[in-house]
Amino acid sequence: MRKMIAAAAGLLLAAPVLTTISPAAAAPTATACYIQAGSVTAGNDLVNKYVRATSPISVNPVDTMAKQPFGTVALSSDWVWDDDFDDNTALTGAVVTGGVLYDGGLLTQKGTDGKVVSNQMTRIGGGWNDFRTLTKSWSADGGSNARTYALRNDGVLYRWFVSEVNGKPAWRSAGSYAGFASVKAVALISRTSTYDTLLATTRGGALYTIRIPLSSPMKPVVKALRTSTWQGFESLLTTRCGQYGTLLLGIDKDSGSAYLYAVGHANGTATVINSLGKVPGTFSDPVNYSWASFVDPPLNGE
């Protein structure tokens, strides 16, 4: 995907600048970690604000990443941004708008508050009005080898393997599994060469991990981390914090509030979850997702 966007803009790629993430123990303090809280605003902008696990929690001003690149968005995957271009920033992700799924990338001009100069979103297909979550497990290059998960309203979880063919995303069905009708929110917590792990809340208040081996047929392994009190969160955002930890942002859309947690390596009910407190400000945008940098290491939460 990164190569496709660069070719469309006629740009050459420079060498990436590596970032350093502070290590987190089994019970991470997370003070050097942050999560890039993305959302689609009521005006259809893609925005980003850094929520930092300082004491007290601090939040950077909102950055507009892309100015009205789509119509009204119903669902969004996480997005990856790549600032390693001369005058532009590459953004890669997937959205559902008008019941149709689109996957691909955008180029925005630096210093213009998110002005879109190239839109390379590919129409994948219709019939998406019946889905309520959209989650991508990204490869290190921002999208040319990804897995995507989507939960339908009847509780069936679907998986696709996504590759890049002739500069465009190609989706291949890779199984489904029923039994998740009670799930409210889903986020990726781990990506490895053999499995992905999703983190999910339920209407009954439970917090679960759903490990999904990449083998076929698709057979998830579900473990409870907590069995109550998590029902208030309609959106979950995650980022890696240290070698094994995860920084988790839970968003309560009814109140427009968000809470930050440092989560140790997932191990069922023995998992350490430290509440860092309520995040300043409001989280009232219609659609929430996480941003990640092109050079961020993969999630390693389980």
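Every read-out reported here was derived from the displayed coordinates using simple, explicitly stated rules and does not represent laboratory data. Predicted model, so just to flag it, every value in this text is computed and none were measured. Note that we place each Cβ from the backbone using ideal geometry, even for glycine, and neighbour counts take in every protein chain shown.
Enumerate the pairs (first residue in region 278-302 and more than 19 Å from A262 (Cβ to Cβ); second residue anywhere and part of a loop (DSSP other than H, G, I, E, B) and of a type in the set (S, T, Y)) with beta-carbon separation below 8 Å, excluding pairs fewer than 6 apart on the same chain, so at least 6 apart or on different chains.
D285/T41; P286/T41; Y289/S77; S293/T19; V295/T19
Just checking, which of L46, L106, L75 is touching a Ser or Thr at 6+ places or on another chain (Cβ under 9 Å), touching a residue at least 40 places away in the same chain (Cβ under 8 Å) and more than 27 Å from G281 (Cα to Cα)?
Matching residue, one of L46, L106, L75: L106.
Which members of region 41-99 meet the condition of being closer than 21 Å to F131 by Cα and surrounded by fewer than 15 Cβ atoms within 10 Å (Cβ to Cβ)?
Across region 41-99, the qualifying residues are A42, G71, T72, G98, G99.
Return a yes/no flag: does region 211-234 have any residue that is among the hydrophobic types (A, V, I, L, M, F, W, C), over 29 Å from G175 (Cα atoms) and within 16 Å of the chain's Cα centre (by Cα).
Here is the first cut: in region 211-234, the residues among the hydrophobic types (A, V, I, L, M, F, W, C) are 212, 214, 218, 221-222, 224-225, 230, 233.
Then keep just the ones that are over 29 Å from G175 (Cα atoms); that gives none.
No.
Any chance you could count how many residues in region 85-135 are among the small types (G, A, S) and farther than 18 Å from M65 by Cα?
So the count comes out to 5.
Taking strands (runs of 3 or more DSSP E) that do not extend beyond region 62-150, which have at least 3 residues that are under 17 Å from V186 (Cα atoms), polar (S, T, N, Q) and within 14 Å of the chain's Cα centre (by Cα)?
131-137
Report, by residue number, each residue of region 182-226 that is out of contact with any Asp or Glu (no Cβ under 7 Å at 6 or more places or on another chain), of a type in the set (S, T, Y) and touching a residue at least 40 places away in the same chain (Cβ under 8 Å).
Scanning region 182-226 gives T192, T201, S216.
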